[in-house]
Each structure stands twice: as C-alpha cells, then as structure tokens.
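The values are calculated or read from the model by the stated rules, or taken from the named source; none is laboratory data. It should be emphasised that the depicted structure is a prediction, and the values quoted were computed from it without experimental measurement. We place every Cβ from the backbone using ideal geometry, glycine too, and count neighbours over all the protein chains shown.
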Amino acid sequence: MTHAGRPQVTIVTPYTVAANNGNWHTAARWAGFLTDTHRVTVEQSWRGAPCDLLIALHAGRSAASIQSFAATHPHRPLVVVLTGTDLYRDLAQSEEARRSLELATKLVVLNELGPRRLPPEVRDKTAVILQSARPLPAARKPEGHLAIAVVGHLRDEKNPQLIWALLRKIPAELAVRIRHVGAALDPELGRQAELAARSDTRYRWLGGLSRVRARQVIRTSHLLLQPSNMEGGAQAVIEAVTAHTPVIASGIDGNAGLLGEDYPGLFTENDVDAACALVLRAAREPHFLQRLGRRCQRRAALFAPGRERASLLRLVDNCLLSTNRKPR
C-alpha cells in the first residue's frame, strides 16, 4: 500500500468542478465516501502518480488514462464507470471505448438496465451502483398552477427542444409554469431558451445554478420533467425522488433503470404528444400526480447515500483484495 497501510485510490474524471455536471458530482461524492478509509485524489487524467486502484469515469474520454494505467500496472485493479454517452453512443462507435471495457477489472453502470447494453463477455465483471442524494423534507408546493422543474444543461443529449415543443402543445389557458435550470453548453440552444422565455411567460430559463439551488427548484415543484435522449443514470431524477417530487421522464434506460420499467410516468423518447399527455394528466388529475408520487417514494430507499457508499466500498475492497489478476 502506498501510505501507512491506507490504499491510494485515484478517481479520474474528464470534468472539473467548473463543469457542475453529473460526472463531476459522481467523482466528488465517491471521493467523500472513500476518504475515511483510503487516500483519495480526483484528477482529470492519470499521469503516473502512485496508485493502488484507479477508478475512471467515462470509457471513451478517459481512455488514455485507462490504457496508461493498465500498461504500467497490469495486475492492479482498474474500475471503469460507464456514462450515458459510453453506453448509448460511444461503445458502438469507438474502438478506444471498447478497449476500456477489456482492460477494466470491473465495470460499473449507474442504472439497473445498463448491463444489457454491454457485450455478453463483459457482463460478469459489471456491477450496478445506483447514485444517491441526501433526502430532503417535503416542501410546500405552489397553489394555483402546476409547477414543473427541468434540470439539465442545454445540450442535445438533454433534449431541451422537447420542452419548448411541449409548451406549444399545452393549452394556453392551462395553469402551468416551467422553471428550467441549466447552463447553455450549446450557445444555439441558449438562444432558443431565451426566445422561448420571451414568447411564453409560462417558461423561465434560470441558467446554471448550484446543486443546492437546483434542488430547491425541484423540491418546490409539483413535477420534475426529464426529457433526455441519453443518460447513464439521471441524477436529477434521483434528486427529485429524494425530495418528494414526482417525475415524468423519457423511457430511456437511464431513467427507466432508476424508476422501474413499469413506472407510469414514462413516455417514449422524443414523443412530444406522449409527454404532453402525461403533463396534462398531472395537471388535471390529482390522483395521477399522487400515484406518481407514491411510486417514486417506493424507489427512494434505493438512492440513499448509505446504500451507494456501501456498494462502492464493497466494490473497492473486493478489487483490492483480488491479488491474482492475470496480465492483460
């Protein structure tokens, strides 16, 4: 071990704190879980520093670090955490991303359906770790309108275009208010958000907010609307469920793998009419909104920080105890 018997764990993520995105928050949260029992550093890449175990977020974007660590330490454990863009885009297109699967001691997916998108030959070394959020007490919701939160940076994978198309379909007389949290990573989508806010007073684009403020927006809404085309395991969904806010979401694996495939608030990806129908039901049928809330609360225990921490520590400890790795 690299220091007084405490293993050195390095977490590699291509994003810094400035990105304020899911990958960064995963890395920071996992570092916090491990710090009592391990020496932990979080880096954008591995450059040869002493390391007993490497955890790399993103098979594609962290491929150089994965390959370098595997070549330098062929018998040391290497955990690769697969993001949404890995599972649902890059593995089909990138030889480097596929090579990362081969080199990994263990693979981690962040939703219950993730393993089915992996080649059969690597599924046996794949673990599911559901992410977590600190539970918040239920907040009083606004009266007189249906308050909807959308939380996700403005980029194609988050599908903000569905929100604006949805606004055009919701009857003008229906009392609905949408608050949209997310930085304009795509400037053109930022311009479209500004235009939508000017043309429809029911929609407010709040820009990028801290996680604490974004959770307050979620907590004080009747619904979280999650329209993404691609997610590894949507953190916004987890934060809604643990803040007593029901969810309406696209039925992609990164949402259905958290809420359950039979969750009644899922709509077909990119189907504006189906999303609109669910929003209208939530606005007009209190029992439907309550049903969504009950289903979310059944899932809330899956997203407890203690559960995620225990899963991560078990994975790390098992990897470090495995001393009989074969050379790659």
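Points to keep in mind about this one:
- Scanning region 57-79 turns up no residue that is touching a residue at least 24 places away in the same chain (Cβ under 8 Å), assigned to a helix (DSSP H, G or I) and within 29 Å of Gln297 (Cα to Cα).
- Failed criterion for His153 (all others in (1) under 30 Å from Val108 (Cα atoms); (2) of a type outside the set (A, V, I, L, M); (3) in the same structural domain as Gly251 (by TED's automatic domain parsing); (4) not in a loop (DSSP other than H, G, I, E, B) hold): (4)
Here's the yes/no breakdown for (1) surrounded by fewer than 22 Cβ atoms within 10 Å (Cβ to Cβ); (2) within 30 Å of Leu289 (Cβ to Cβ); (3) within 15 Å of the chain's Cα centre (by Cα):
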site: Glu112; (1), (2), (3): yes, yes, yes
site: Lys125; (1), (2), (3): yes, no, no
site: Arg155; (1), (2), (3): yes, yes, yes
site: Leu174; (1), (2), (3): yes, yes, no
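- Of all residues making up region 286-304, the number that are polar (S, T, N, Q) and free of Cβ contacts under 8 Å to residues at least 24 places away in the same chain: 1
- Residue within region 178-200 that is under 15 Å from Ala147 (Cα atoms), out of contact with any Pro (no Cβ under 6 Å at 6 or more places or on another chain) and exposed (fewer than 12 other Cβ atoms within 10 Å of the Cβ) present: no
- Members of region 70-89 that are at pLDDT 95 or above and either among the aliphatic types (A, V, I, L, M) or closer than 12 Å to Ile11 by Cα (or both): Ala70, Ala71, Leu78, Val79, Val80, Val81, Leu82
- Residue under evaluation Arg215, criteria (1) surrounded by fewer than 20 Cβ atoms within 10 Å (Cβ to Cβ); (2) touching a residue at least 12 places away in the same chain (Cβ under 8 Å), criterion not met: (1)
- Annotation note: Cβ proximity below 9 Å between a residue of region 305-319 that is of a type outside the set (Lys, Arg) and a residue that is surrounded by fewer than 14 Cβ atoms within 10 Å (Cβ to Cβ) (sequence gap 6+ or interchain) occurs for Pro305/Arg134; Leu313/Thr37; Val316/Thr37; Asp317/Thr37.
- Candidate set: region 202-228, residues that are at pLDDT 95 or above and polar (S, T, N, Q); chosen: the one nearest to Leu87 (Cα to Cα): Ser228
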